[in-house]
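Colleague: Handing you this structure, nothing more for now.
The values are calculated or read from the model by the stated rules, or taken from the named source; none is laboratory data. The shown structure was predicted, so the numbers you read here are calculated from the model rather than taken from an experiment. Quick reminder, even Gly has a Cβ in these numbers, built from the backbone with ideal geometry, and neighbours come from all protein chains shown.
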Amino acid sequence: MATDIGKLDTFPKLLMHHALVRGARPAIREKDLGIWQTWTWKEFADEVRFVACGLAGLGLARGEHFALVGDNRPRFYATMAAAQCLGAIPVPLYQDAVATEMAFPIQNASIEFAFAEDQEQVDKLLEILPQCPTLRKICFDDPKGLRHYAQPELVPYDRLLEAGRENYRRDPAFLETEIAKGSGGDTAAMFFTSGTTGVPKGVVHTHASLLVPARTAAELEGLGENDVILAYLPPAWIGQNIFSCAQAFVTGYCIACPEASETVMADMREIGPTYYFAPPRVLENLLTQVSIRIQDLWWGGRWAYGYFMAVANRVGGKILEGKPVPIGERLLYYLGELFLYGPLRNVLGMSRVKVGYTAGEAIGPDLFRFYRSIGINLKQLYGSTETAVFVCIQPDGQVKPDTVGPAVRGVELKFTPERELLIRSPGLFKEYYRNAQATSEAKDAEGWFHTGDAGFVDPDGHLKIIDRVKDVGGLADGTLFAPKYLENKLKFFPHIREAVCFGDRRDRVCAFINIDPDAVGNWAEKRNMPYSGYTDLASRDEVYELVRECIERVNADLAGEPEIANSQIHRFLILHKELDADDGELTRTRKVRRRIVGEKYDSLVAALYSASRSVHVEAQIKYEDGRSGIYSADLKIRDAKVFAPAAGKRAA
Amino acid sequence: MSGRPVGEVTLSVEAVSLAFGGVKALSEVSFDVREHEVRAIIGPNGAGKSSMLNVLNGVYHPQQGKIRFQGREFEDMDSHEAAAMGIARTFQNIALFKGMTVLDNIMTGRNLKMHCNFLQQALWIGPARREELEHRRAVEEIIDFLEIQHVRKTPVGRLPYGLQKRVELGRALAAEPKVLLLDEPMAGMNLEEKQDMCRFVLDVNDHFGTTIVLIEHDMGVVMDISDRVVVLDYGRKIADGSPSEVRGNQKVIDAYLGVAHSA
């Protein structure tokens, strides 16, 4: 591909370039009215031109911020690119955020213009209008339910498009001049961090800092115009934005937008993406669904599944990496490929996947191996909002379950004495918006970004992340305590959905557990154990026993790792409710807010460190029919067996 | 309540009486329905509500009285004729084809709009293909409107109750009715499903301008979404008016709560 990065240094320039050189190729598809509707690069570029002229007519000017709230839709991305054409800065916001969470970004960046997908988002923006006096115009896409909204701020997308078409016809040169004014060093977009810690920060990225890493990674994986990706994660998350914007704009591949969030699985089967991203949680849900359906097979089918999965487990990964495998095993694998792995990949919609990534949190080794063994080239990568995602990628043929691979071209890594990872790369963010203090804390004078992650590089040059630096603490006796490392080990058991470990400056480690209602529910059904809901299930002695076994296996494992052998889990309880982002216990990307959970349930923590066998809890709960009531019960606390450290030797 | 301005009277019944042998289901009931309004029929069990609806779309034929629809006068309605003139309905007990998909069920609602003959459709000749595409598009728009894309290809029998009700509404809508008769659309639903259904009923009324006549037991729903309410008791009309008028009517209170009999 003979593309000159030098001249095509912004998103709009790339878009117009694709419209010229591959105008008839699909740029974006959306399933609408039951059919995949296609927009070619030329059509997409025209749409962007008209919307841009429409926005210019409304008064959107260079350097202004533009909020976008909605799901992955062609019009969402067209509006985003249109804002960039004018030199305005798109700020995608999470579509499942509640109204009050949206107020901060809009106030912070004095946003005047917004794009909302539908009535739900319009309602939220109108709700916060009094707190956001700067907000002037809200453009909405789907008019359903909005017929009687008379607010002067509202502009239907179709009207914007019409006005833009008219403007463009009158003065076509205007837009070309505006696009030509942009350069790689200009701000391209701003992403608000999910706010694991405190107030969200606006991460400012330039065109270059998004496009350069996107290009490097695309070249590493050999992505081109024939590739297809399914855009199903929130576009406010930088990862989705890079996959469905930056990389598509760099390579010219096609973005497919699913019909609705409930139809993602079916849409994925239909479209058959070649490039795929899924956080470990999604991969886990898929595997759980497969396992549950296999459990319902007749005994012969279950046996065959077990047998061929064992074959895949032994040799699947090696075959994928092109390593030598005995001929007998290879033949068995091909047989399995014919009857099991191929059809299974098809059911998952992954038949055509060339490159699949997972990131965001640690992935269980069994889970990771499952996908690779059935022939899906799933790899881990490491990155963050501040680094435009791509920092480390596992290259084909060098995939290890417990590392995230070596640094990609152009990225430098180094570590502080506290083991904190520092990064310098072309993808580094420019600054935190209107927050010079946070910027200087995160990015030092020499341009090193302090990730806050603790880790090290292994002898093969692969990065291994253990935890957040600030969470890595010490037990009272001074030994290392890495809570996330423990929690991940626990979460790899299918019956445990979430775990929260405590132990910093204490004499031993204790844990809260959230069971997985699907997996444990299934387990209970198989044992004819009736239960009424999560709370009931979580309080059963049998379930405590099940969880205790998991914890003891983790403890046995930890005993084999001398550095952290002391952080074996001594006591635990199963929480009476699932941790929930709406209650502030998880972030929107579903990471546990350990400190907030610890404060909210401080009486439970205190009980874990006392000698008591149970603790009384009272909480307001909301029933599914809308009523709410007070839940009050005694939570049990149980001990788990700990093992003597096996010095210098790893447990099996 | 409805979004569009309520217009002229479009459908009226005048002194309708219906009897099954010696049982008088309706006696001399008169009321009217205006264009674009949401009209509720309420009453205790056995009051004759469903019979009234069945008279309106021609399932039952009254012995006395007249029905006036869009300026035309009928002694009784013929159900096929009623459908052709733009009266569609849903049923108290869901009456869908359980083994067929959601898509196909809603497609059956387009039946009256199909003009190709059997042979053309079977051989896919003449205007059959174009017609099929048009109908499919109309059905897909309804699927989009009712937010049931995720179950498009699922056999109806496998869907939960609330969704089946929604599919039935979809099938009625597929006929592009002027008047939609809903027989207890919220019966047996939980709170959330009821809220959804209310929203869809109001959206239909607003978006397509459809006139809606509904029977409902949930007084909260009736009071919230209807423009006018007619109350039946033992086959007679005992009240007619806005929700607040009806709520304060002593006869209605007596019919629902019972009256103390003095010795």
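Colleague: Scan region A:136-170 for residues that are out of contact with any Ser or Thr (no Cβ under 9 Å at 6 or more places or on another chain) and either away from chain B (no Cβ under 14 Å) or modelled with pLDDT of 95 or more (or both) and report the count.
Modeller: Going through region A:136-170, the residues out of contact with any Ser or Thr (no Cβ under 9 Å at 6 or more places or on another chain) turn out to be A:136-138, A:140, A:142-156, A:158-159, A:161-170.
Now drop any that are not either away from chain B (no Cβ under 14 Å) or modelled with pLDDT of 95 or more (or both), which leaves A:136-138, A:140, A:151-156, A:158-159, A:161-170.
The number of residues fulfilling the criteria is 22.
Colleague: Residue under question is A:Thr251, and the condition is that it be within 24 Å of A:Arg345 (Cα to Cα) and surrounded by 15 or more Cβ atoms within 10 Å (Cβ to Cβ); does it hold?
Modeller: Numbers: within 24 Å of A:Arg345 (Cα to Cα): no; surrounded by 15 or more Cβ atoms within 10 Å (Cβ to Cβ): yes.
No.
Colleague: In region A:307-340, how many are among the small types (Gly, Ala, Ser) and either touching a Lys or Arg at 6+ places or on another chain (Cβ under 8 Å) or without any contact (Cβ under 8 Å) to a residue 12 or more places away in the chain (or both)?
Modeller: Within region A:307-340, the first condition is being among the small types (Gly, Ala, Ser), and the residues that meet it are A:310, A:312, A:316-317, A:322, A:328, A:336.
Next cut, either touching a Lys or Arg at 6+ places or on another chain (Cβ under 8 Å) or without any contact (Cβ under 8 Å) to a residue 12 or more places away in the chain (or both) only: A:310, A:316-317, A:328.
Counting residues in region A:307-340 that are among the small types (Gly, Ala, Ser) and either touching a Lys or Arg at 6+ places or on another chain (Cβ under 8 Å) or without any contact (Cβ under 8 Å) to a residue 12 or more places away in the chain (or both) gives 4.
Colleague: Among the helices (runs of 4 or more DSSP H) lying completely within region A:226-282, list those that include at least 3 residues that are in contact (Cβ under 8 Å) with a residue 60 or more places away in the chain and more than 14 Å from chain B (Cβ to nearest Cβ). Outline the logic, then answer.
Modeller: Working: elements: A:238-241, A:247-251, A:264-271.
Hits in region A:226-282: A:238-241, A:247-251.
Colleague: Further, regarding this structure: Test of understanding: among A:Leu338, A:Leu348, A:Leu332, which residue is surrounded by 20 or more Cβ atoms within 10 Å (Cβ to Cβ) and of a type in the set (A, V, I, L, M)? Explain how you work it out, then say what you get.
Modeller: Numbers: A:Leu338 fails: surrounded by 20 or more Cβ atoms within 10 Å (Cβ to Cβ); A:Leu332 fails: surrounded by 20 or more Cβ atoms within 10 Å (Cβ to Cβ).
Within the list A:Leu338, A:Leu348, A:Leu332, the selection yields A:Leu348.
Residue-by-condition table, conditions (1) among the aliphatic types (A, V, I, L, M); (2) surrounded by 14 or more Cβ atoms within 10 Å (Cβ to Cβ); (3) within 13 Å of another protein chain (Cβ to nearest Cβ):
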{"residue": "B:Glu75", "(1), (2), (3)": "no, no, no"}
{"residue": "B:Ala88", "(1), (2), (3)": "yes, yes, no"}
{"residue": "B:Asn93", "(1), (2), (3)": "no, no, no"}
{"residue": "B:Cys116", "(1), (2), (3)": "no, yes, no"}
{"residue": "B:Gln121", "(1), (2), (3)": "no, yes, no"}
{"residue": "B:Trp124", "(1), (2), (3)": "no, no, no"}
{"residue": "B:Pro127", "(1), (2), (3)": "no, no, no"}
{"residue": "B:Arg137", "(1), (2), (3)": "no, no, yes"}
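Colleague: Sticking with this one: Scan region B:185-194 residue by residue and report those that are within 11 Å of chain A (Cβ to nearest Cβ) and either modelled with pLDDT of 90 or more or under 12 Å from B:Tyr161 (Cβ atoms) (or both).
Modeller: First, pick out the residues of region B:185-194 that are within 11 Å of chain A (Cβ to nearest Cβ): B:189-194.
If the condition is that a residue be within 11 Å of chain A (Cβ to nearest Cβ) and either modelled with pLDDT of 90 or more or under 12 Å from B:Tyr161 (Cβ atoms) (or both), then B:Met189, B:Asn190, B:Glu193, B:Lys194 are the ones that fit.
Colleague: Out of all the residues in region A:25-43, which are assigned to a strand (DSSP E or B) and within 13 Å of chain B (Cβ to nearest Cβ)?
Modeller: Going residue by residue through region A:25-43, those that are assigned to a strand (DSSP E or B) are A:26-32, A:35-40.
Answer for region A:25-43, where residues must be assigned to a strand (DSSP E or B) and within 13 Å of chain B (Cβ to nearest Cβ): A:Glu30, A:Lys31, A:Asp32, A:Ile35, A:Trp36, A:Gln37.
Colleague: Would you tally the residues in region B:197-222 being in contact (Cβ under 8 Å) with a residue 40 or more places away in the chain, more than 23 Å from B:His135 (Cβ to Cβ) and part of a loop (DSSP other than H, G, I, E, B)?
Modeller: 2
Colleague: Take the residues in region B:139-176 that are assigned to a helix (DSSP H, G or I) and acidic (Asp, Glu); name whichever of them is nearest to the other protein chains (Cβ to nearest Cβ). It would help to see each step written out before you state the result.
Modeller: Quick first cut of region B:139-176, residues assigned to a helix (DSSP H, G or I) only: B:139-145, B:149-151, B:156-158, B:161-174.
Filter once more, keeping what is acidic (Asp, Glu): B:140-141, B:144, B:168.
Values: B:Glu140: 4, B:Glu141: 7, B:Asp144: 6, B:Glu168: 20 Å.
The selected residue is B:Glu140.
Colleague: Go through the residues of region B:90-98 one by one and say whether even a single one is at pLDDT 90 or above, charged (D, E, K, R) and on the phi < 0 side of the Ramachandran plot.
Modeller: Yes, region B:90-98 has at least one match.
Colleague: Something else now. Under 6 Å between Cβ atoms, which residue pairs at least 6 apart in sequence (or on different chains) link something in region B:180-196 that is of a type in the set (A, V, I, L, M, F, W, C) with a partner that is surrounded by fewer than 18 Cβ atoms within 10 Å (Cβ to Cβ) and in a loop (DSSP other than H, G, I, E, B)?
Modeller: Short answer, once both residue conditions are applied: B:Met186/B:Asp218; B:Leu191/A:Asp625; B:Leu191/A:Gly626.
Colleague: Just one of (1) in the same structural domain as A:Thr216 (by TED's automatic domain parsing); (2) at negative phi trips up A:Gly252, so point out which.
Modeller: If we test A:Gly252 against (1) in the same structural domain as A:Thr216 (by TED's automatic domain parsing); (2) at negative phi, just (2) comes out false.
Colleague: Going through B:Lys153, B:Lys194 one at a time, which residue ends up being over 16 Å from B:Ala83 (Cα atoms), charged (D, E, K, R) and crowded, with 18+ Cβ neighbours inside 10 Å? First the steps, then the outcome.
Modeller: Working: B:Lys153 fails: crowded, with 18+ Cβ neighbours inside 10 Å.
Being over 16 Å from B:Ala83 (Cα atoms), charged (D, E, K, R) and crowded, with 18+ Cβ neighbours inside 10 Å holds for just one of B:Lys153, B:Lys194, which is B:Lys194.
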